[in-house]
Each structure stands twice: as structure tokens, then as C-alpha cells.
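The values are calculated or read from the model by the stated rules, or taken from the named source; none is laboratory data. Because the structure is predicted, anything quoted here is derived from the model rather than measured. Backbone-built Cβ (ideal geometry, glycine too); neighbour counts: all protein chains shown.
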Ligand SMILES: C[S@@+](CC[C@H](N)C(=O)[O-])C[C@H]1O[C@@H](n2cnc3c(N)ncnc32)[C@H](O)[C@@H]1O
């Protein structure tokens with residue numbers, strides 16, 4: 001097909017279904033070029049290996065292993081980082097797997113998600129809406145708050161948290177919004193912040209999310225940002241760590257033993 005024909009076809013598709021233009025914005029090559037423009041020296045975060053965190057790794061996690069489930073290593077990382085901490089705040093609940101796992105380690109857990117009404121207004125699938133909190137609501141100690149991080153009053157909380165997990169909307173603008181609000185209102189000097197979906201998989205950076213993290217995090221903290229190897233998570237961690245450069249394809253240096261134990265839910 002000639003370039004002109006292709007262009008006209010794209011134009012027609014975009015006029016019929018304007019949301020298709022999002023695909024152009026979300027295109028990985030385009031997102032990578034935006035990151036390069038803003039952060040030419042920071043194409044990837046330095047990596048810390050799970051066994052170099054200086055905390056014994058939590059090796060058992062609960063997961064539905066369904067669409068949208070975090071990686072086993074993401075959940076193990078959250079549980080590991082929760083050790084010795086007192087409070088956890090999370091943006092993005094979905095079925096509640098992340099907060100459920102953290103609540104096995106610490107008592108004061110809060111998760112914030114869009115309200116059912118707002119999700120209905122967005123015409124989201126009814127079954128999808130109803131599954132929110134299906135796991136985490138089984139633990140009555142977990143606080144479930146409803147709200148949109150765009151206008152949620154974080155200031156009213158008047159509380160700082162020890163561990164924060166940002167896992168809401170993964171567009172650049174929303175990652176930046178959520179990150180800025182967390183740093184404005186919820187962090188103290190030793191807070192550990194974890195972002196999900198810094199990467200699509202441990203070897204493929206999600207540049208849109210990464211740029212949102214960098215633009216939302218005050219510059220004075222940038223040297224504390226890392227990617228946890230074998231996970232999809234970026235973290236803000238106080239302390240000094242042995243790091244490696246991101247490489248893809250990566251020559252594996254760890255072989256994980258994983259036990260799969262199904263339980264009826
Ligand atoms: C990837 S899921 C969270 C998964 C969960 N943290 C886990 O690991 O089990 C993202 C969630 O963020 C919620 N969300 C999206 N945009 C949001 C917003 N602006 N404010 C609050 N929650 C939002 C969605 O409803 C969805 O349930």
C-alpha cells in the first residue's frame with residue numbers, strides 16, 4: 001500500500017474511532033524518544049538484585065495468577081519491604097492481591113481505588129467492577145477507600161506512610177500525578193515507595209510509566225531510584241546497594257524455585 005493510501009486509511013480510522021489515536025501516543029518507540037529527550041542520561045534505572053536488598057526475602061505469596069496479577073517476585077518484593085514497617089498505603093486495588101499479601105506482614109494497610117459509581121460511569125465491564133477487592137475485603141483489617149487520585153484529598157489524611165505502592169492508572173500523566181501527590185503528602189524521610197509497571201516485564205521498560213516516575217519524583221530523590229531485577233517494579237529506597245546496569249537480553253544469574261499450591265477460593 002502506498003504511503004498516501006496508508007495515511008488516508010489511518011485518517012479515516014481516527015475519524016471513525018478517535019480513541020485509536022491513543023495507540024500512537026502509547027507507542028513504545030515514541031514514548032522512548034520522549035524519555036530520551038527529557039532524560040538523555042537515564043535510559044534505565046540501576047538494578048538491585050532481590051538477594052541484595054539486605055532483608056531476608058519473603059518466599060511465599062498468594063496470587064490468582066490471572067490477567068492483571070502482579071508477578072510473584074513483585075508480591076514477594078512488597079512483602080519483603082513490609083518487614084519492620086508499620087503502615088502501608090496503596091493506589092490501585094483491583095482484586096486486592098497486593099494489599100492482601102502486605103497485610104500478612106503489617107497491620108495498618110490502606111488501599112485507594114476509583115469508586116464503583118465512577119467505574120460504572122466509565123462504562124467499565126460490570127464483572128470487572130464487582131471483582132474489586134474480592135480478595136482484600138476478606139481481611140477486615142484492610143481499609144478500603146474510594147476516590148480518584150486526580151481529586152482525592154490526600155492532605156486531609158494528615159498521615160505519612162512507611163511503605164507506599166503506586167499501581168493505579170499507568171498513563172504518563174496519571175503516574176506523574178500519583179507520584180507528585182504521594183511525595184507532597186504521604187512520605188517521610190524513610191518512606192519506601194514502589195511503583196508497579198515500571199517495566200512490562202523484567203527486561204522491557206515501560207517508558208511512559210518511567211517518565212511519569214521521573215517527572216513526578218522530586219529531583220533530590222532521583223539517585224535513590226532503582227529497578228528491582230526480575231520484577232516489574234521501580235523503588236525509592238534509602239540506603240546504598242550493590243547495583244548492576246540494566247541489560248536486555250539478560251544473562252540470568254538467579255534461578256528461582258517456585259512452588260505452586262492451588263487452594264479453592
Ligand atoms: C493494576 S490495578 C491494581 C492491582 C493491585 N495493586 C494488585 O497488585 O493486586 C489498577 C487499579 O487502579 C485503579 N485506578 C485507575 N485509575 C485510578 C485513579 N485515578 N484513582 C484511583 N484508582 C485508580 C483501577 O480501578 C484498578 O483497579
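Observations, loosely collected:
- Exactly one residue out of 209, 194, 187 is under 21 Å from residue 168 (Cβ atoms) and out of contact with any helix residue (DSSP H, G or I) (no Cβ under 8 Å at 6 or more places or on another chain): that is 187.
- Residue list for region 207-221, restricted to those being in contact with a strand residue (DSSP E or B) (Cβ under 9 Å, 6 or more places away or on another chain) and without any contact (Cβ under 8 Å) to a residue 40 or more places away in the chain: 209, 213, 217, 221
- Per the conditions (1) in contact (Cβ under 8 Å) with a residue 40 or more places away in the chain; (2) within 11 Å of the ligand (Cβ to nearest atom); (3) under 24 Å from residue 79 (Cβ atoms), the sole criterion not satisfied by residue 152 is (3).
- Subset of region 228-258 [farther than 14 Å from residue 77 by Cβ and in contact (Cβ under 8 Å) with a residue 60 or more places away in the chain]: 239, 242, 243, 244, 245, 246, 253, 258
- Qualifying positions in region 106-146 - in contact with a strand residue (DSSP E or B) (Cβ under 6 Å, 6 or more places away or on another chain), under 25 Å from residue 61 (Cβ atoms) and surrounded by fewer than 16 Cβ atoms within 10 Å (Cβ to Cβ): 143, 145
- Filter result for the condition that a residue is assigned to a helix (DSSP H, G or I) and more than 11 Å from the ligand (Cβ to nearest atom), over 59, 80: 80
- Single residue of 91, 134 found to be under 20 Å from the mean Cα position of the chain (by Cα), farther than 23 Å from residue 185 by Cβ and at pLDDT 95 or above: 134
- Qualifying positions in region 157-176 - more than 8 Å from the ligand (Cβ to nearest atom) and surrounded by 18 or more Cβ atoms within 10 Å (Cβ to Cβ): 161, 162, 163, 164, 166, 172, 175, 176
- Among the residues of region 203-243, those that are surrounded by 14 or more Cβ atoms within 10 Å (Cβ to Cβ) and in a helix (DSSP H, G or I) comprise 207, 208, 209, 210, 211, 212, 213, 214, 215, 216, 222, 224.
- Scope region 50-59; condition more than 18 Å from the chain's Cα centre (by Cα) and in contact (Cβ under 8 Å) with a residue 40 or more places away in the chain; matching residues: 51, 52, 53, 54, 58
- Listed by first and then second residue, the pairs with beta-carbon distance under 9 Å, at least 6 apart or on different chains, first residue in region 72-96 and farther than 14 Å from residue 60 by Cα and free of Cβ contacts under 8 Å to residues at least 60 places away in the same chain, second away from the ligand (no atom under 12 Å from the Cβ) and assigned to a helix (DSSP H, G or I), are 96/137; 96/138.
- Count - residues of region 86-144 that are farther than 27 Å from residue 183 by Cα and either in a helix (DSSP H, G or I) or within 11 Å of the ligand (Cβ to nearest atom) (or both): 15
- Flag if residue 30 is in contact with a helix residue (DSSP H, G or I) (Cβ under 8 Å, 6 or more places away or on another chain), surrounded by fewer than 20 Cβ atoms within 10 Å (Cβ to Cβ), within 21 Å of residue 247 (Cα to Cα) and without any contact (Cβ under 8 Å) to a residue 40 or more places away in the chain: yes
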